[in-house]
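S.K.: My questions all concern the structure below.
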Amino acid sequence: MKTIQILAVVLMTVLLPVTAQKADINVAKSSVKWTGNKVGGSHNGAIKIKSGAFQFKNGDIAGGTVVIDMNTITCEDLTNEGANQKLVGHLKSDDFFGVEKFPTATFKVTKATKFNNNKASITGVLTIKGKSETVTFDVTKSGSVYSAKLEVDRSKFDVRYGSKSFFDNLGDNFIHDIFVLDIQLVF
């Protein structure tokens, strides 16, 4: 009987550290900021996280999912309310993200390296407008805050408006295909 108890303690000691621990994203404290560039300027804003959780194993990312609420997209650089609402409405339209049909975007972790000097590399599947692409980017951790800068090629997700990837007659009236997401996840 004593041997079984000792074996149970040994197994718990060995197996417990390798079990992944789930941590929910604090959506109120986390943020996703976006920047889109065009000839002669740029626009920027934010999008709220709807939900998400990561699994951690020995302090390293072992998996996870983030769900973005595309209906919450805002513009922060236009102070004229009419121009601001016009841009946000256009971003929500089928020309861009089609949020009526695709109200969320998701990212699912498929692979992550171990943290080295508080930095790791994450690979996962990003889904926007029902199109999925594998992306890889670096993440930095500071306490319970995980930060990343992700460059997204919108043409891969069928976001066509003003894209030279789809239209060759735009001249200088094009919008760059790459937009940037500055992400801070708080657990």
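The values are calculated or read from the model by the stated rules, or taken from the named source; none is laboratory data. Since we're looking at a predicted model, the values are computed, not measured. Here the Cβ positions follow ideal geometry from the backbone for every residue, glycine too, while neighbour counts run over all protein chains shown.
S.K.: Would you pick out the residues in the range 19-28 that are farther than 20 Å from THR104 by Cβ and either modelled with pLDDT of 95 or more or assigned to a strand (DSSP E or B) (or both)?
M.R.: Across the range 19-28, the qualifying residues are GLN21, LYS22, ALA23.
S.K.: Looking at GLY52 and the list (1) in a strand (DSSP E or B); (2) free of Cβ contacts under 8 Å to residues at least 40 places away in the same chain, which single condition is not satisfied?
M.R.: Just one mismatch for GLY52, condition (2).
S.K.: Count, please, the residues in the range 26-37 that happen to be closer than 18 Å to LEU150 by Cα and over 12 Å from the mean Cα position of the chain (by Cα).
M.R.: From the range 26-37, those closer than 18 Å to LEU150 by Cα are 30-37; that's our starting set.
Still in the running and over 12 Å from the mean Cα position of the chain (by Cα): 35-37.
So the count comes out to 3.
S.K.: Related question: Kindly list the number of the only condition in (1) crowded, with 18+ Cβ neighbours inside 10 Å; (2) modelled with pLDDT of 95 or more; (3) hydrophobic (A, V, I, L, M, F, W, C) that fails for ALA46.
M.R.: (1)
S.K.: Sticking with this one: Consider ASP69 against the criteria (1) more than 15 Å from the chain's Cα centre (by Cα); (2) more than 23 Å from SER142 (Cα to Cα); (3) charged (D, E, K, R); (4) modelled with pLDDT of 95 or more: it satisfies all of them except one. Which criterion is unmet?
M.R.: (1)
Yes or no, residue by residue, for (1) buried (at least 18 other Cβ atoms within 10 Å of the Cβ); (2) assigned to a helix (DSSP H, G or I):
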residue	(1), (2)
GLY89	no, yes
ASP94	no, no
SER121	no, no
GLY124	yes, no
TYR146	yes, no
LYS149	no, no
VAL152	yes, no
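S.K.: All but one of (1) farther than 30 Å from ALA120 by Cβ; (2) among the polar types (S, T, N, Q); (3) in contact (Cβ under 8 Å) with a residue 40 or more places away in the chain hold for SER93, so report the exception by its number.
M.R.: Answer for SER93: the failing condition is (3).
S.K.: Further question on the same structure: Among the residues of the range 29-49, write down those that are outside any strand (DSSP E or B) and not polar (S, T, N, Q).
M.R.: Step one: of the range 29-49, the residues outside any strand (DSSP E or B) are 29-30, 39-40.
Residues satisfying the conditions are LYS29, VAL39, GLY40.
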